[in-house]
Amino acid sequence: MLWAMRRLALLIPVLLMACNDSDDPCGAEGYASLVGTNVAAVTLPADLNHRILAPGGIATTDFVPDRLNIETDAEGTITRLYCG
């Protein structure tokens, strides 16, 4: 039992590092403060791979891990940010 706990203790940091590398490939966490802001008032970097998704709008279903998706409500207020 003790050897199993030691092996697990060695494995946990490796698993956590692997998770952290792919959790936020588009940098959505860095833009979290934009939630609640009107998208028209936001300035984004010119080279940012992003798309703005309005309710009822048309969007492709392809998954692009480093693309920032910016969801808005009908008034243009940012409601959600996520990668894909």
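The values are calculated or read from the model by the stated rules, or taken from the named source; none is laboratory data. As the structure is a prediction and not an experimental result, all values here were calculated from the model. Counting neighbours? That spans all protein chains shown, and the Cβs are built from the backbone with ideal geometry, glycine included.
Annotation note: of V64, V14, the sole residue that is at pLDDT 95 or above and β-branched (V, I, T) is V64. Each residue in the range 50-72 was checked for being loosely packed, with under 13 Cβ neighbours inside 10 Å and free of Cβ contacts under 8 Å to residues at least 24 places away in the same chain, and 9 of them qualify. Residues being of a type in the set (D, E, K, R) and modelled with pLDDT of 95 or more are entirely absent from the range 2-9.
Evaluation of S33 against the conditions (1) modelled with pLDDT of 95 or more; (2) farther than 18 Å from L81 by Cβ shows that the sole unmet condition is (2).
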